[in-house]
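Notes follow the structure.
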DNA sequence: ACAGGACATCAAGTGGACTTGAGGTCAAGC
DNA sequence: GCTTGACCTCAAGTCCACTTGATGTCCTGT
């Protein structure tokens, strides 16, 4: 137990469940910060644990580290987020999370349908569509792989 | 319009929305098969389109191509899956899909809670826990991190 | 006969999120 | 003083799902 309230990379790694290499990597990306001792070892404030938790939450939501970095850039780099800050960023992530859930549920519904009816006339089966990848609406040709259009006349 | 019922890689690519390179890659992995013309060009049966659709569905569920290959190995490589076969593999994928959805919903519930109460005493906030486990997004080695155990006594 | 495009192979590149390895430093205990 | 282990940096490796590039062949239309 250290007397001061700064944590070594090993301690942070242990408590966060992340590898030291991951922590150094996050620091390179600017996701977290650290101070150094006279001997050049990293020292972290306890708040880094919360920050890491926020990062992990965002990863669960499906955000990339780049996107997370952008969100984190809007709050104090050294402190744990305030209530208002946390509200703001978690609210910002909600739509992405909702979309992900909706996409998966739609997929499941189709799986159910296909199981139930044994439907193999997949022309109209939306299992075939990439309803993942939120933000795909227009009838635009060749956006991000607009898989299986009407040209699919098999069967 | 071809008289025979075999498809060129270009046709399959167009109809499936996949790039020819992806089709060749899938063939390398054994996910699909093709015959060759005298001039060494690939020729696909129409059933390959269904097979590709199944592959895509599985990817949406979050399975890796290896896992998909394992599932596809249990059915006829050349034919479209029968009703029973489709039932079997789609049913097998259900649990994975359910788990993914449940994990995301749990995450959302926690996000809600945190927004609602402004909770920053994250000790008990399961946002911090990796209820993901299976089907987590993002590649890279080192899965199954047991993030943030009770050692996390911040705040 | 020949141009053009679709197709072939094989090697290497891409990107995200890290890990691993080599080689050196710091600090505590014996 | 010496060993040990945690730590440092920087370069390179890994995994996945492909794509890109180089180089060469097949085939259809004019």
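Determine whether the range A:42-62 contains at least one residue that is in a loop (DSSP other than H, G, I, E, B) and within 13 Å of DNA strand D (Cβ to nearest atom). Steps first, answer last, please.
Initial filter on the range A:42-62 (in a loop (DSSP other than H, G, I, E, B)): A:45-46, A:62.
Filter again for within 13 Å of DNA strand D (Cβ to nearest atom), leaving none.
So far as the range A:42-62 goes, no, none of its residues is in a loop (DSSP other than H, G, I, E, B) and within 13 Å of DNA strand D (Cβ to nearest atom).
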*Filter the range A:20-47 down to residues that are more than 18 Å from the chain's Cα centre (by Cα) and either within 13 Å of chain B (Cβ to nearest Cβ) or within 24 Å of residue B:103 (Cβ to Cβ) (or both), then give me how many there are.*
6
*asked:* Among the residues that make up the range A:28-35, is at least one of them assigned to a helix (DSSP H, G or I), modelled with pLDDT of 90 or more, within 14 Å of DNA strand D (Cβ to nearest atom) and in contact with a strand residue (DSSP E or B) (Cβ under 9 Å, 6 or more places away or on another chain)?
replied: no
*Name the residues in the range B:67-91 that are in a helix (DSSP H, G or I), in contact with a helix residue (DSSP H, G or I) (Cβ under 8 Å, 6 or more places away or on another chain) and either within 8 Å of chain A (Cβ to nearest Cβ) or modelled with pLDDT of 85 or more (or both), would you?*
B:67, B:68, B:69, B:71, B:72, B:86, B:87, B:90, B:91
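Given the criterion more than 15 Å from DNA strand C (Cβ to nearest atom), under 22 Å from residue B:85 (Cβ atoms) and within 12 Å of chain A (Cβ to nearest Cβ), identify the matching residue among B:12, B:61. Outline the logic, then answer.
On the way: B:12 fails: more than 15 Å from DNA strand C (Cβ to nearest atom).
Among B:12, B:61, only B:61 is more than 15 Å from DNA strand C (Cβ to nearest atom), under 22 Å from residue B:85 (Cβ atoms) and within 12 Å of chain A (Cβ to nearest Cβ).
The values are calculated or read from the model by the stated rules, or taken from the named source; none is laboratory data. Small disclaimer: the values here were computed from a predicted structure and weren't measured. A quick note on method: Cβ atoms are made from the backbone with ideal geometry, for glycine too, and the neighbour counts reach across all protein chains shown.
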